[in-house]
Every structure is written in structure tokens, then in C-alpha cells.
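> Take this structure, written in C-alpha cells, and hold onto it; I'll ask about it next.
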Amino acid sequence: LAEHPIPGIPRIYEVTEVDSRLVLVEEYIPGTTLQELLDTDGPLPQAQVVDYMVQLCTILLSLHSCNPPIVHRDIKPSNLVVTSDGILKLIDLNAAKLADGSDGKDTVLLGTPGFAAPEQYGFGSSDAQTDIYALGTLMNLLLTGQLSNECTATGPLAPIIRKCVMMERARRCSSVLEVQKALSVAETEITKKEAGQHG
């Protein structure tokens, strides 16, 4: 990432090792986290959630397209910052790993309870589907103020969320691109519905 910066992720300016610890000097991203937005305003409008999730998909697509793919493994509201011009940034890659398929299961259990996929608890090895699980959980939280296992969102985004948070990876959306395409379809439905209410 230091050599090949990805839009939507803080630039890494320097990587050094101090007393066997890795130290990163990276770009500071000013803005408001999605957690702060939730704490201040409560659940967000559907159209706004779609906008943020489409932006997140674009960032994740770049990460997952690396060779080997990079999996973030800690997608949650406090790790997503919205800048003053509405651009979403994904921060804190401390839990990220290269998903080269060599691990039978995750050896270090990382992630945030409620957002971490089952495979992050030793039931398999993290891959792109791990971030998709967290994305679905995040989407539900932004819409309802609650995690998907507490309260499930309704409306056009509900089927996408359900497919993202499947316990079995084989039943989840196969890629972030699939999620992004589904969001585009839902966005059209939401826009039509809102136009009908105002018309």
C-alpha cells in the first residue's frame, strides 16, 4: 500500500521498524466517522447509506484486486470517515492481511464483535467474503441503529444485507462487485419511491 496507494485509504508515507515493532507514518484524514454520525443523528436515510456503501465497495474492490488480495477485516462505523465533501475513507488497516489462500484458518483472531465474520473466530481463513460480511452488518446498523442479529432492516436493501451476512461464505455475495451492482439496482428503486412520494 505504501508503494501502490489506493484511493479512499490514507497514504502511507513511511514504514519503519522500532524495537521489533512496525511503525507507520500515514496521512491524517479529517472528517466525521460514521459512528459519530450515528451517535448524533441516529439511523441514516436509505439513499445516504447506498451512497456510502457504493463508495466503500469501490475501496474494497481495489483492496481485493491486489495480488494477493488485501482483506481489511475490521470494517465498522468508527473506521469509516466522511470528509467535508462527502467522500468516504476507510482507515485503520491494523487487522488487514494478505489473503493468499495459504492459511487453513486464521491463526490470530482479530476483528470487532458483531462485525467480525465467523471465519475470524477460527472457523476458516479470512478472504474477500469476510469484508462482505462486515459490509452487510454495517449497512444494517446504518439503517436501523442495530446489528443484523438484533434487528433486520426492511426495504430494498434488506435482501442485499441478508446475502452479505450469511454464516456460510458460499451463500454470501461472491464479490464486492456483486454487492455494488445490487446496490445500484436498489438505488434506482429507492429513487423512484422517493420521487413518487414527492410527486
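The values are calculated or read from the model by the stated rules, or taken from the named source; none is laboratory data. Worth saying up front: this structure is predicted, and the values here are computed from it rather than measured. No Cβ is skipped: glycine too gets one built from the backbone with ideal geometry, and neighbour counts run over all protein chains shown. With ligands, DNA and RNA removed, areas are computed over all heavy atoms of the protein, side chains included. Shrake-Rupley method; radii C 1.70, N 1.55, O 1.52, S 1.80 Å.
> Between residues in the stretch 31-43 that are under 19 Å from Asp92 (Cα atoms) and residues that are surrounded by 14 or more Cβ atoms within 10 Å (Cβ to Cβ) and polar (S, T, N, Q), which pairs lie under 8 Å by C-beta distance while being six or more apart or on different chains?
Thr33/Ser78; Thr33/Asn79; Leu34/Ser78; Gln35/Ser78
> In addition: Among the candidates Lys181, Lys163, single out the residue that is open to solvent by 40 Å² or more (accessible area, probe 1.4 Å), closer than 16 Å to Leu61 by Cβ, assigned to a helix (DSSP H, G or I) and modelled with pLDDT of 90 or more. Give the steps one after another, and end with the answer.
Details: Lys163 fails: closer than 16 Å to Leu61 by Cβ.
Result: Lys181 is the single residue among Lys181, Lys163 that is open to solvent by 40 Å² or more (accessible area, probe 1.4 Å), closer than 16 Å to Leu61 by Cβ, assigned to a helix (DSSP H, G or I) and modelled with pLDDT of 90 or more.
Here's the yes/no breakdown for (1) on the phi > 0 side of the Ramachandran plot; (2) surrounded by fewer than 19 Cβ atoms within 10 Å (Cβ to Cβ); (3) at pLDDT 95 or above; (4) β-branched (Val, Ile, Thr):
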{"position": "His4", "(1), (2), (3), (4)": "no, yes, no, no"}
{"position": "Glu14", "(1), (2), (3), (4)": "no, yes, no, no"}
{"position": "Val25", "(1), (2), (3), (4)": "no, yes, no, yes"}
{"position": "Gln46", "(1), (2), (3), (4)": "no, no, yes, no"}
{"position": "Cys57", "(1), (2), (3), (4)": "no, no, yes, no"}
{"position": "Asn79", "(1), (2), (3), (4)": "no, no, yes, no"}
{"position": "Asp85", "(1), (2), (3), (4)": "no, yes, yes, no"}
{"position": "Asn94", "(1), (2), (3), (4)": "no, yes, no, no"}
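> Here is a follow-up. Looking at Ser175, Ser184, which one is of a type outside the set (A, V, I, L, M, F, W, C) and touching a Leu at 6+ places or on another chain (Cβ under 9 Å)? Steps first, answer last, please.
Working: Ser184 fails: touching a Leu at 6+ places or on another chain (Cβ under 9 Å).
Testing whether each residue is of a type outside the set (A, V, I, L, M, F, W, C) and touching a Leu at 6+ places or on another chain (Cβ under 9 Å) leaves just Ser175.
> Right, here's the next one. Within the stretch 115-133, can you find the residues that are modelled with pLDDT under 85, out of contact with any Asp or Glu (no Cβ under 8 Å at 6 or more places or on another chain) and part of a loop (DSSP other than H, G, I, E, B)?
Passing the criteria: only Phe123.
> Moving to a separate point now. Scan Thr16, Thr58 and give me the residue that is out of contact with any helix residue (DSSP H, G or I) (no Cβ under 9 Å at 6 or more places or on another chain) and either assigned to a loop (DSSP other than H, G, I, E, B) or not aliphatic (A, V, I, L, M) (or both). Give the derivation first.
Numbers: Thr58 fails: out of contact with any helix residue (DSSP H, G or I) (no Cβ under 9 Å at 6 or more places or on another chain).
Matching residue, one of Thr16, Thr58: Thr16.
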